[in-house]
1. Rg to Rh for segment 2-99: what is it, with Cα atoms only and Rh by Kirkwood?
2. So how far apart, in nm, are the two label points at Lys36 and Trp61 if each is 7 Å from Cα heading toward Cβ?
3. Kirkwood hydrodynamic radius (Cα pairs, Å) of segment 4-58?
4. For segment 21-28, in order, what is each residue's ³J(HN,Hα) by Karplus, 6.51 cos²θ - 1.76 cosθ + 1.60 with θ = phi - 60°, in whole Hz (x at glycine and Pro)?
5. DSSP loop GluC sites (Glu not before Pro) in segment 1-63 with at most 11 other Cβ atoms within 10 Å of their Cβ, which ones?
6. Any idea what the dipole of segment 2-99 comes to, in debye rounded to 20, about its Cα centre with Lys/Arg Cβ at +1 and Asp/Glu Cβ at -1?
7. Could you calculate the FRET efficiency of His68 with Glu10 from 1/(1 + (r/R0)^6), where r is the beta carbon distance between them and R0 is 25 Å, rounded to 0.05?
8. Tell me the label-point distance for the pair His27, Ser93, using the 7 Å Cα-to-Cβ offset, in nm and rounded to one decimal.
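The numbers here are math on the coordinates, done by the rules we state, and not lab data. All values derive from a computational prediction rather than experimental measurement. Don't worry about glycine lacking a Cβ; one is built from the backbone with ideal geometry, like all the others, and counts go over all protein chains shown.
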Amino acid sequence: MPWRYLSTVERTSQPLIEAIDKYKADHGWPPDNEQKLIPEYLESLPGTGYRGCENFVYGCWRRPDDTHLWRVMVYCDPLVSSHPPTLEFDSDSRVWSYRGGSW
C-alpha cells in the first residue's frame, strides 16, 4: 500500500516544495524544471528515500488563464512493478494524493 510511504515522502519532499515556493515568490512563476532550483534554492535535489523510486519527478504546466500548475511526483520503477503507482503533490490542493497501481 503506497500510503505507508506517505509520511517519508512528505518529509523528504519538503525541501523541494519549499524551494519551488521560494522560486515562485522571487520570479512570479514556478521554475520550468527542477534544475533551475540548483544551487540558489537547493544544493542538490532530494531523494525520495525509496529503492526503485529514488527520484522525485517535477512538472510545471501553464494554463490558458496564464496561471501555473506544478506537481512533484513519485513514480515506482516499472521494472519493480508492472503497474507502477504514483504519489503526487500538486500546487492547487497542496496535499499528496495516490494514483492507481500497486507496489
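1. Working: Rg = 13.6 Å, Rh = 14.0 Å.
Using Cα coordinates only, the ratio equals 0.97.
2. Label at Lys36, label at Trp61, 1.8 nm between them.
3. This gives a value of 11.7 Å.
4. Ordered by residue, 3J(HN,Hα) equals 4, 5, 4, 4, 4, 6, 10, x Hz.
5. Glu40, Glu43, Glu54
6. Once rounded to the nearest 20, the dipole reads 300 debye.
7. About 0.70, to the nearest 0.05.
8. About 2.6 nm separates the two model spin labels.
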